[in-house]
Amino acid sequence: HHLLDRKLIDHIASFFEREGADAWYNREVPDLLPPGTSCPSCGGSAFGKESDILDVWFESGVSYACVCEGKDNLGVPVDLYLEGSDQHRGWFHSSLLAAVGTRGIAPYRAVLTHGFVVDGKGEAMHKSKGNVVAPEEIIRKHGAEILRLWVAAEDYRDDIRISPDILARLTEAYRKIRNTIRYLLGNLHDFHPERDAVPYDRMEEMDRYAVVLFHRLAGKVRKAYENYEFHVIFHSVNNFCSVDMSSFYLNALKDRLYCSRADDPARRSGQSALFEIARDLLPLIAPVLSFTAEEAWGYLPSFPGKPESVFLTDMPEPMDLPEADEIAARWERIQAVRAEIAQPLEAARREKRIGSDQDALVIVAPGPFEDLFENHRREIREVLTVSGLEVGEVSGPGAYENPAFPGLAVRVEKAPWEKCERCWNHTPDVGTVPSAPELCERCAATTRA
């Protein structure tokens, strides 16, 4: 006869709780029986252990009960079951059957399935093929950050490819992200948030635009985390660091950061934007680039309430900034102007008429962008990093036009003024300060301060 009742199960479970499942094999039958146990059918007291086993999927299917149920810090249902696509009829299914059958609920709130890791050609990995890429080799050669970045960068819904070429591209992307963070922090060396921070509504408009771009990124990344779309996080952060920051904003900001007086309001405005972006970017990337974010957090200027670790701060909430849509729309047009003027500037460099953009005087017939040149010519010159920007008639040889923007015409000439040896801009006032004839008025005043 078989013996199976609640008293017996509770008695054996008490051993399992203390010693694990090996108690079944390590203990003799008398230990496993409650005192005085006898067969209800025949009254016998000699028993043997059952040697048959349950289906292996049942054991894993009740793991929610064994691991999480009854624990204050866990509980059932759990947030997420994560496994490969072969588990739809395996673990996911058996867990669902066991929980619904015994508890009346699903054991999980969400299920995430992923493909399988394959080589760069999409082929399964086998030692006999010699195409196996071991995680410990990646960590030894590239570091754990690159391995985590690879996991985040791939769309796990399909099979996930890995190869030396893929890792090399990710290493380069990581370097760009890290260098952007280094630039942000490096230009905050003399910035004290409590003393120097400029409120958003008093920032230069280009700085406000940079903050708007970041909060758009924050909203997109938070949504991607919530939806487990980690590849969206990687591509969004990489594009923000490479395009929005390095290619555009940080390049245009250099003159203010490096050449203006340390406490110049326009410089402090730029630093305030850099600080806000750095402070909120680090917790945004911390789940993926953990070591990098924690290391950089230690160099972030101190501010009231700054936690000791980036992992003790909150994920940034995207802010509804004043006039954000209007600022973004205006600066998208300025970006379009910049892209158009970049064409004749590149031609002038190629033809050796100028050495760098700072050697250039740009004359523009603004056409559809007339309003921008009336109200934002200084900002446009700043993003172009040229020495001079004038509005006038442009025609004849050397004029650049694009049918996509009728009325817009551009001509690039070599700036006719002397070059300031400090900021490298060509301006009419170079040589007008007797005590510093090699400098422009701004740089002369800055070096005297």
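Where a number appears in this text, it was derived from the coordinates with a stated rule and is not lab data. Computed from a predicted structure; not experimentally measured. All Cβ positions, glycine included, derive from the backbone under ideal geometry; neighbour counts span all protein chains shown.
Computed from the alpha carbon positions, the gyration tensor of the range 6-114 leads to an equivalent ellipsoid with semi-axes of 33, 15, 13 Å, biggest first. Over the Cα atoms of the range 331-403, the radius of gyration divided by the Kirkwood radius equals 0.93; this is the Rg/Rh ratio. DSSP bridge analysis restricted to the chain gives an antiparallel fraction near 45%, rounded to the nearest 5. The fewest-to-most ranking of 440, 423, 241, 68 by surrounding Cβ atoms within 10 Å reads 68, 423, 241, 440. Straight-line cross-link reach from residue 414 at under 19 Å between alpha-carbon atoms covers these lysines, not counting any fewer than eight positions away in the same chain: 352.
Sorted ascending by nearby beta carbons within 10 Å, beginning with the fewest, 18, 330, 208 become 18, 330, 208. In straight-distance terms, cross-link reach from residue 419 covers every one of the aspartates and glutamates whose alpha-carbon lies under 14 Å from its own, apart from those fewer than eight places away in the same chain; here that gives 357, 359, 429, 438, 441. Among 96, 32, 289, the largest mean-square fluctuation in a Gaussian network model of the chain, built with springs joining Cα atoms closer than 10 Å, belongs to 32.
Given +1 at the Cβ of Lys and Arg, -1 at the Cβ of Asp and Glu and no other charges, the dipole of the range 398-449 around its Cα centre is 100 debye to the nearest 20.
Rg and Dmax, both from the Cα atoms of the chain and both in Å, are 32.7, 118.
Annotation note: GluC sites (Glu not before Pro) in the range 1-83 located in DSSP loop regions with a Cβ neighbour count of at most 10 within 10 Å are 28, 50. Global dimensions of the range 17-69 from alpha-carbon coordinates: Rg and Dmax equal 14.3, 39 Å. Simple rule: put +1 on each Lys or Arg Cβ and -1 on each Asp or Glu Cβ in the range 324-414, find the dipole, and look at 360, 339, 389; the Cα lying farthest toward the positive end is 360. When the pairs 121/176; 127/176; 121/141 are compared against a 24 Å limit on Cα-Cα distance, 121/176; 127/176 fall above it. If the chain linking residue 129 and residue 73 were pulled fully straight, counting 0.36 nm for each residue of separation and taking away their Cα-Cα distance, it would gain 15.7 nm. Panel order for 220, 306, by other beta carbons found within 10 Å of each beta carbon, from fewest to most: 306, 220. Here residue 220 is the anchor, and the aspartates and glutamates within straight C-alpha reach of less than 12 Å, apart from those fewer than 8 places off in the same chain, are 229, 317.
One way to sum up the overall shape of the range 164-312 is the equivalent ellipsoid from its Cα gyration tensor, whose semi-axes run 26, 17, 15 Å, largest first. Considering only 141, 223, 49, the Gaussian network model of the chain with Cα springs below 10 Å gives its largest mean-square fluctuation to 49.
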